[in-house]
1. Quick check on region 107-115. Is at least one of its residues more than 32 Å from the chain's Cα centre (by Cα) and either modelled with pLDDT under 90 or over 19 Å from ARG233 (Cα atoms) (or both)?
2. For the condition modelled with pLDDT of 95 or more and in contact with a helix residue (DSSP H, G or I) (Cβ under 7 Å, 6 or more places away or on another chain), what is the one hit in ALA126, ALA83, ALA95?
3. Anything in region 123-179 that is in contact with a Ser or Thr (Cβ under 7 Å, 6 or more places away or on another chain), among the charged types (D, E, K, R) and surrounded by 13 or more Cβ atoms within 10 Å (Cβ to Cβ)? List them, or say none.
4. Looking at region 202-216, can you tell me whether even one residue there is modelled with pLDDT of 65 or more, of a type in the set (A, V, I, L, M) and open to solvent by 40 Å² or more (accessible area, probe 1.4 Å)?
5. Please go through region 181-237 and give me each residue that is closer than 18 Å to SER142 by Cα, of a type in the set (Ser, Thr, Tyr) and either part of a helix (DSSP H, G or I) or touching a residue at least 60 places away in the same chain (Cβ under 8 Å) (or both), ordered by number.
6. Collect the residues in region 125-162 that are over 19 Å from ALA195 (Cβ atoms) and outside any loop (DSSP other than H, G, I, E, B), keeping them in residue-number order.
7. Would you call ALA95 within 56 Å of the chain's Cα centre (by Cα), surrounded by 14 or more Cβ atoms within 10 Å (Cβ to Cβ), hydrophobic (A, V, I, L, M, F, W, C) and assigned to a helix (DSSP H, G or I)?
8. Take the conditions over 19 Å from ALA214 (Cα atoms) and more than 36 Å from the chain's Cα centre (by Cα) and apply them to GLY155. Does it pass?
Amino acid sequence: MRCRIPRAPILAALALAFAVAPAAAVVPAGLHGSPLALPLVTGHEKPGLVLAQRAIERSWGPSEDTTYVEVNVPEWRSEGLAAGLSAVLPGAGQAYVGERSSLLFGLLEVVGWWANRYYVHKAQVARDQAARFAGNPADSASAWSFARWSQATGGDPSALQAMWANDPEAFYETIGRNSSYLSGWGGSPIGSRDAFLDMRGQMRGKYLRATEVAYGLWANHLLAALDALRAARLHNVPLQENLQLKLRTSWHRGSPELQAALERRF
């Protein structure tokens, strides 16, 4: 009876033996191990590195390609600053924006203050003129006197005297408006009182004009502030279309940074 041995295992064993034999020859003396181990290499036989690891370094600080450059826009005008300037001094906000209306608001402010002081001065002149016309009521020779009124009516002038000492303006209003004190006027009582009332009327009219001018000054401040705000906003409209605010965070020397840039497109 024949026993057949397969050829494939035999050929594989021979091939392995021939492959391992040269490798065993390079093992240095004194080193023992399995003949199937990988060859040891030393000295000049050390192979070079075929696949080198690629080192990737990244800097997290500002760099030329990531740092935004701040763009200066000299034409930009602050709306709040323009309004605030004109609220304090009409025309200043318009001058800041570059509007010619600054001259108009400034001129109105100057004229308004001049008119206010003018009417106040005229009112004071009329007041003093009326006071001089009435005279000192304690003097019997004055246009209106306590003695004349007391003699004509038999009344007690003590209340009028106290009013004269504490509030002369209230006293003049009383003897001019209250007909019960008409007899205190000398000469032609009605004529004297009417002349006195005319002077007091001029005083009140001038004070009223001064008050109206003062209201006009406040209105000029308000309108100037609103106009400066409008002018600054219209001035900035063309710039807003070409402006963009950019923000960027980064690390620089171990600490975070926030970068902001106003970028204008041309």
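The values are calculated or read from the model by the stated rules, or taken from the named source; none is laboratory data. Quick caveat: nothing in here was measured; it's all calculated off a predicted structure. When we count neighbours, we look across all protein chains shown, and the Cβ atoms used for this are built from the backbone with ideal geometry, even at glycine. With ligands, DNA and RNA removed, areas are computed over all heavy atoms of the protein, side chains included. Shrake-Rupley method; radii C 1.70, N 1.55, O 1.52, S 1.80 Å.
1. Of region 107-115, the ones more than 32 Å from the chain's Cα centre (by Cα) are 115.
Filter again for either modelled with pLDDT under 90 or over 19 Å from ARG233 (Cα atoms) (or both), leaving 115.
Taking every residue of region 107-115 in turn, at least one turns out to be more than 32 Å from the chain's Cα centre (by Cα) and either modelled with pLDDT under 90 or over 19 Å from ARG233 (Cα atoms) (or both).
2. Details: ALA83 fails: modelled with pLDDT of 95 or more; ALA95 fails: modelled with pLDDT of 95 or more.
Going through ALA126, ALA83, ALA95 in turn, the sole match is ALA126.
3. Residues of region 123-179 that are in contact with a Ser or Thr (Cβ under 7 Å, 6 or more places away or on another chain), as a first pass: 134-137, 139, 143, 147-149, 152-153, 157, 163.
Cutting the leftovers down to among the charged types (D, E, K, R) gives us 139, 148.
Within region 123-179, just ARG148 meets the criteria.
4. Filtering region 202-216 for residues modelled with pLDDT of 65 or more gives 202-216.
Cutting the leftovers down to of a type in the set (A, V, I, L, M) gives us 203, 208, 210, 213-214.
Restricting the remaining residues to those that are open to solvent by 40 Å² or more (accessible area, probe 1.4 Å) gives 208.
For region 202-216, residues modelled with pLDDT of 65 or more, of a type in the set (A, V, I, L, M) and open to solvent by 40 Å² or more (accessible area, probe 1.4 Å): present.
5. Those that are closer than 18 Å to SER142 by Cα, of a type in the set (Ser, Thr, Tyr) and either part of a helix (DSSP H, G or I) or touching a residue at least 60 places away in the same chain (Cβ under 8 Å) (or both): TYR181, SER183, SER192.
6. Restricting attention to region 125-162, the residues satisfying the condition of being over 19 Å from ALA195 (Cβ atoms) are 138, 140, 146-147, 150-162.
Once the filter is applied, which keeps residues that are over 19 Å from ALA195 (Cβ atoms) and outside any loop (DSSP other than H, G, I, E, B), region 125-162 yields PHE146, ALA147, SER150, GLN151, ALA152, THR153, SER158, ALA159, LEU160, GLN161, ALA162.
7. Numbers: within 56 Å of the chain's Cα centre (by Cα): yes; surrounded by 14 or more Cβ atoms within 10 Å (Cβ to Cβ): yes; hydrophobic (A, V, I, L, M, F, W, C): yes; assigned to a helix (DSSP H, G or I): yes.
Yes: the conditions hold for ALA95.
8. Working: over 19 Å from ALA214 (Cα atoms): yes; more than 36 Å from the chain's Cα centre (by Cα): yes.
When the stated conditions are applied, GLY155 passes them.
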